[in-house]
Every structure is written in structure tokens, then in C-alpha cells.
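Peer 1: Sharing a structure, written as C-alpha cells. Questions coming.
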Amino acid sequence: MDDRLFSYNGYQGSAEVSREDDCLFGRILFVSDLITYEAQTVPALRQAFQAAVNNYLAQCAVLGLPADPPLPGGESRRRA
């Protein structure tokens, strides 16, 4: 696995650095919605990613909408 990716419950998320404001940030990959998270440390970013996945799944359930399932092998739904 790429060391710039997190994995949780089958979902993958990115880990990026913003030098302008000295924070770490990322987004859940391979889903149609834009879901981001940020933190000041790598462990906190991992926790924020996991919370984002849990919140995404919970919000989909509340709205009665199907969540995009994680894709095996990290294949993207989006076409270039």
C-alpha cells in the first residue's frame, strides 16, 4: 500500500501536506462525494479519516441513500 494512503473499512483516503498553513489533510478516494478531513499530526489525520468514513456511512443511512461501496484494489469509478 502507498504510504500516503489510509485504509479503513475497505475505504481509502489520501494524506497530503499543506506547507502554507502547516496542516495535514486528505479526502476519501473512489467515492462520488467530496469528503475531506484535516489534522495537525499523522495519528490525528488517521483518526480524522476514520471518523470521516464513519460519518459518511452514517449520513448516507440517515438520508436513506446508498453509500458508494469501497472498490477492490482501489479502482476508481471516475473515468478520465
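Each value in this text was obtained by applying a stated rule to the coordinates, not by laboratory testing. What you see is a predicted model, and the numbers here were worked out from it, not measured in a lab. When we count neighbours, we look across all protein chains shown, and the Cβ atoms used for this are built from the backbone with ideal geometry, even at glycine.
Peer 1: Output the 0 to 90 degree angle, nearest 10, between the alpha-carbon long axis of helix 42-63 and the longest principal axis computed from the alpha carbons of the chain.
Peer 2: On a 0 to 90 degree scale, this one is about 20.
Peer 1: Between Y8 and Q40, what is 0.36 nm times their sequence separation minus the Cα-Cα distance? Round to one decimal in nm.
Peer 2: 9.6 nm
Peer 1: Next up: Exactly which GluC sites (Glu not before Pro) in the range 13-50 are in a DSSP loop and have at most 12 other Cβ atoms within 10 Å?
Peer 2: Those that pass, being in a loop and sparsely packed, are E20.
Peer 1: Relative contact order for the chain: what is it in percent, counting Cα pairs under 8 Å that are at least 6 residues apart?
Peer 2: For the chain, the relative contact order is 26 percent.
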